[in-house]
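All remarks here apply to the structure that follows.
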Amino acid sequence: DWWQAEYHFMQGVTRLTRVDGAIVSPGGEGGRQISLLDDAIFDYPWLYSVEVGNWVLDDYEAGRLREYLLRGGFLMLDDFHGDYEWSGFVQSMNRVFPDRPILDIPDDDEVLHVLYDLDQRIQIPGVAALWRGQTWEGGEDGKQPHWRGIYDDDGRLLVAINHNMDLGDAWEHADDPGYPEPMTALAYRFAVNYVIYAITH
């Protein structure tokens, strides 16, 4: 999704909120790609990662991510599909938090109402799936969208997990008339809520 998704997403964040977000130009200048090994991760309240079904975090990376999240950071995960990728993700996430369960985000969770009331939950697809005339990727196990999370001991959401969805493609193709506007609008609302939640919790 680099750089187009970040370009459109940051325009949306700065237009729809009072967040003083980075200006990302067409081509990606001003955007940030950051490694868990970089101390600069602690300068950002919100991280976004895609295709985490292929994650293979070593102990050091898992420890750094755990420290980042427990010190107040927030991680949004997106664009991974089906049982196989879910299993790969869980293996690495269990290294980050072996003692914290992955839970469905309940309808009344503050993250779903901090700015927008997100009562509508439809599958937000990648553009390639739409080209095939569907909203899911992979087989039958990719058809059901899930909004899940990991919480700290005080009930603060640390990790927002969008499984069987691709919000990044919805941002990336925000100016493409072939991508359905209601799905792009919903993808923006979810991410804006995640950002506002991250910087206020």
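The values are calculated or read from the model by the stated rules, or taken from the named source; none is laboratory data. Predicted model only: the values in this text are computed from it and were never measured. Neighbour counts run over all protein chains shown; Cβ positions are idealised from the backbone, glycine included. Ligands, DNA and RNA are excluded from the accessible area calculation, which covers all protein heavy atoms including side chains. Shrake-Rupley method; radii C 1.70, N 1.55, O 1.52, S 1.80 Å.
Annotations for the structure displayed:
- Selection status of residue 109, open to solvent by 50 Å² or more (accessible area, probe 1.4 Å) and either at pLDDT 95 or above or under 15 Å from the mean Cα position of the chain (by Cα) (or both): no
- If you go through region 43-57 and keep only what is among the small types (Gly, Ala, Ser) and over 13 Å from residue 88 (Cα atoms), you end up with just 49.
- Extreme residue, farthest from residue 149 (Cα to Cα), among residues of region 86-106 that are open to solvent by 30 Å² or more (accessible area, probe 1.4 Å) and in contact (Cβ under 8 Å) with a residue 40 or more places away in the chain: 86
- Residues that are among the aliphatic types (A, V, I, L, M) and either assigned to a helix (DSSP H, G or I) or open to solvent by 10 Å² or more (accessible area, probe 1.4 Å) (or both), drawn from region 149-192: 167, 170, 174, 183, 185, 186, 187, 191, 192
- From the list 170, 174, the lone residue that is within 15 Å of the chain's Cα centre (by Cα) and among the aliphatic types (A, V, I, L, M) is 170.
- In region 1-47, of all residues being of a type in the set (Ser, Thr, Tyr) and surrounded by fewer than 17 Cβ atoms within 10 Å (Cβ to Cβ), the one that is farthest from residue 188 (Cα to Cα) corresponds to 35.
- In this structure, residue 50 does satisfy being within 15 Å of residue 159 (Cα to Cα), aliphatic (A, V, I, L, M) and open to solvent by 10 Å² or more (accessible area, probe 1.4 Å).
- Residue in region 138-148 that is open to solvent by 40 Å² or more (accessible area, probe 1.4 Å), under 16 Å from the mean Cα position of the chain (by Cα) and without any contact (Cβ under 8 Å) to a residue 40 or more places away in the chain present: no
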